[in-house]
Each structure stands twice: as C-alpha cells, then as structure tokens.
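Chemist: Input: one structure, supplied below.
Where a number appears in this text, it was derived from the coordinates with a stated rule and is not lab data. As the structure is a prediction and not an experimental result, all values here were calculated from the model. Cβ: placed from backbone, ideal geometry, glycine included. Neighbour counts: every protein chain shown.
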Amino acid sequence: MILIFMPLIGGIAYLVIEIIPEFSSSVTGQRAVRNVKQTLNPGADLRQHEAAWSQSPNVDNGRRYAEALLDSGSTAEAEDIINQALKGLFATEPTLLLLKARLQFENERADEAVKSLETLQQHNPDFRSAEGHLLYARALEAEGKIDHAVREYSAASGYFPGVEARYRLALCLEVAGKNPAAQAEFESILNDAKLAPPHFRKSQKTWLDAVKRKLA
C-alpha cells in the first residue's frame, strides 16, 4: 500500500533496489539499478565515479567509472578509461576485459569482443560469468561462426539465469539449419516455464512471449 502514495519513479526505484535484490545482483539488474539512480539524480553517479577514479585510478574505480560512462552514452571515454585501467599487473583483469568486450560488441565490433573474451579466459581460467559466456556466443554468431556459437550457447544455457540464453540458442539453431532442434528447444522452454514458480515466469515474460511468437 505504501507504494501507492510514492512518486512513480520512487516506487520503481524501491521495487528494483529493495524488493527484488536478486534481480539487482545480475549484470542486467545492476544496469537497471544504475538507470533508475540516473533518472532520480542525473549525473550523480558519473560525477562520483569520476572523482573516485581521479583520486585513486585502480581497477574497481576504473570499472565503475567506465560503466557510468557507458550508461551515459560516452562510449569513447569509457573505452579510454578501460584501456587505462588494463595496464601492468591488471592487463588481463577479467571484469575489465568483460566490460571491454561488452563495449566492443555493442559497437558492432564482434571480432574484437571475441578476442577480448578469449584473452580473458586464457589468463583467468577459473573466472565464471554467465553474462560473459552468453556474450561470447553472441559475438561468435555475429562473426558467422555458427557451429561454434551453437556449442557456446548450449554451454551457457546450462547455467544462465533465465530464458534468454536458451532462446538465443534456439534462434542460432535455426540459423544453422537445424529447425527440428530449434523447435524442440522452443517447446522445452515453455514446458519448463510451466513448472517454474510464478515469479520466474513474470520476470522472464519478455523472453517467454518471444518464444510463444516463434511457435505461433
């Protein structure tokens, strides 16, 4: 009932940050939280992270500042900060390489994203990131390496939280000409969703609706 009397944006912020903490812990969720904060106080995060980076240009401050720059649309500046942070002992730091790969992929530089992610894995074999694994599969697909992409989508689907990885796997199977396998994957996604808790189906509605459209 309290939310009824809160301003719309404030209510959304409360919902995202307080009521759904598990959402906020994912990469996508963290980005959504930053967007809400940006709406509530435009430029505050960017100024804060810029000041922190200027005072202490370490890995964590560089990553946070670069993320804030990316969220504000300052892609070139974000890449510059990432490259500055990827120096010396931290030249292969995994979270920075993952952020760099995200930036490269979002700017249609899939080949560079693949190289960044392969460098990450080579130097950090114990690093695990479901978001990073899915990004790797998408970059491979964008490069036209479909069979390799299918393998990586399949592997990522095994532990990615949510439907997106399996949905993209099915799409890639279609691209590979494996239509029966794609159809089976789409159907399996919906069957599994029926057995999932209601909050899962609600949180995955966008992807589940996309699956239903494919089967219509």
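Chemist: Which ³J(HN,Hα) values, rounded to whole Hz and listed in residue order, are derived for segment 163-177 from phi using the Karplus coefficients 6.51, -1.76 and 1.60 in 6.51 cos²θ - 1.76 cosθ + 1.60 with θ = phi - 60°, glycine and proline given as x?
Modeler: 8, 3, 4, 5, 4, 5, 4, 4, 4, 5, 4, 4, 4, 6, x
Chemist: For segment 39-121, what's the radius of gyration and Dmax over Cα atoms, in angstrom?
Modeler: 12.6, 38
Chemist: Under 16 Å Cα to Cα from Lys100, which aspartates and glutamates show up? Leave out anything in the same chain fewer than 8 places away.
Modeler: Hits, sequence-local ones excluded: Asp60, Glu67, Asp71, Glu77, Glu79, Asp80, Glu108, Asp111, Glu112, Glu118, Glu131.
Chemist: Further question: Which of the peptides 108-114, 168-174, 59-65 is most tightly packed, and how do the rest follow, judged by the mean count of other Cβ atoms within 10 Å per residue?
Modeler: Descending packing order for the listed peptides: 168-174, 59-65, 108-114.
Chemist: Do the alpha carbons of any pairs in Lys87/Lys205; Lys115/Lys178; Lys178/Lys205; Lys145/Lys205; Lys115/Lys205 sit beyond 31 Å of each other, and which pairs?
Modeler: Lys87/Lys205; Lys115/Lys205
Chemist: Output the relative contact order of segment 122-164, whole-number percent, from Cα pairs under 8 angstrom with separation of 6+ residues.
Modeler: 40 percent
Chemist: Ordered by residue, what ³J(HN,Hα) values in Hz, to whole numbers, does segment 56-72 give under the Karplus form 6.51 cos²θ - 1.76 cosθ + 1.60, where θ = phi - 60° and Gly and Pro are x?
Modeler: Result, ordered by residue: 8, x, 9, 4, 4, 5, x, 5, 5, 5, 5, 4, 5, 5, 4, 5, 8 Hz.
Chemist: In whole Hz, with x marking every Gly and Pro, tabulate ³J(HN,Hα) for segment 89-102 from phi via Karplus 6.51 cos²θ - 1.76 cosθ + 1.60, θ = phi - 60°.
Modeler: Result, rounded to whole Hz: 5, 10, 5, 10, 4, x, 5, 6, 5, 5, 5, 4, 5, 4.
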